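*Asks:* One structure, pasted below without further comment.
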Amino acid sequence: MPLRVGTSTGSTVPKDIRVGATMVKSVNIGTATGGVELWRRTEDTLAAFTVVTADTTLSFPAWAQYVDIVAIGAGGSGHGGNAINADGQGGSPGTWAAKTMEGVAGQSVSITIGKPGGGDQPGGVTSATTAYVGTSGVNLVNAGGGAAGPGYGNANGTGAGTYTAFGVTFAGGGGGGMNNPGAAPGGGGGGGDGWWGGYVAGASGGRGQVWYRFRSY
């Protein structure tokens with residue numbers, strides 16, 4: 001857990017530490033083998049978030065008490081065209097989700113990135129999970145994958161748009177046009193071209209994604 005200040009009846013993580021009028025950016029304590037960062041000022045900017053595009057495991061640093069997670073699932077694929085001149089419909093975008101989870105130094109956060117399916121398949125779920133602090137349970141963020149194109153019609157996949165969480169706006173990928181995949185993260189895949197005597201399979205959606213930020217308070 002990060003640096004705390006208080007009395008015998010309770011303590012809190014400080015939101016501001018200054019030396020005179022100068023804001024302190026972090027607090028470190030020296031050890032026999034180096035040093036440990038115990039506190040870091042939170043910066044509410046997009047640059048404070050780190051992007052994850054592949055499955056990974058994170059670890060709470062010593063200075064962090066919380067992790068902010070924003071996730072989007074993979075986009076659904078487009079529907080394939082058919083041989084009687086019908087184009088497949090485009091896929092739907094992945095869904096968005098966000099959550100703040102509490103943890104302690106060294107605690108793991110497992111991240112799974114939603115994978116795009118092949119033709120006529122929904123997108124995969126993007127998730128982040130960590131043990132629940134205080135009582136038994138699990139902290140979980142689930143961002144569902146987009147649905148595949150349901151039939152025949154408009155071949156354009158649907159874009160994932162934007163999503164606002166923690167005072168920051170995050171951008172999703174655009175939808176794919178006919179025969180083209182959706183853009184990452186989360187854009188719906190384009191439907192396949194259909195013509196008399198032939199057709200093209202639906203294109204895949206864009207992969208999912210996670211943005212995360214550890215913070216002291």
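*Asks:* Of ALA131, ALA47, ALA165, which has the largest mean-square fluctuation in a 10 Å C-alpha GNM of the chain?
*Replies:* Per the Cα network of the chain with a 10 Å cutoff, ALA47 tops the list.
*Asks:* With an 8 Å Cα cut-off and a minimum separation of 6 or more residues, compute the relative contact order for the chain in percent.
*Replies:* 27 percent
*Asks:* May I pose another question? So for each of 49-56, 75-82 I average, over its residues, the number of other beta carbons within 10 Å; can you give me the resulting order with the highest mean first?
*Replies:* Averaged packing, sorted descending, gives the order 75-82, 49-56.
*Asks:* Just GLY153, GLY176, GLY189 to compare: in a GNM of the chain, with alpha carbon springs under 10 Å, which one fluctuates most?
*Replies:* Its mean-square fluctuation being the largest, the pick is GLY153.
*Asks:* Also: If r is the Cβ-Cβ distance from ALA131 to VAL51 and R0 is 25 Å, what FRET efficiency results, to the nearest 0.05?
*Replies:* 0.55
*Asks:* Read through the labelled values (i) 79, 38, 33; (ii) 57, 36, 33; (iii) 54, 35, 31 and report the label of the one computed as Cα extents along the principal axes in Å from the structure.
*Replies:* Recomputing Cα extents along the principal axes in Å here picks out (i).
*Asks:* Now for a different question. Rg and Dmax of region 82-160 over Cα atoms: what are they, in angstrom?
*Replies:* 17.9, 61
Just so you know, all these numbers are worked out from the coordinates, no wet-lab data involved. Because the structure is a prediction, the values reported are computed rather than measured. Please note: Cβ atoms are built from the backbone with ideal geometry, for glycine as well, and neighbour counts cover all protein chains shown.
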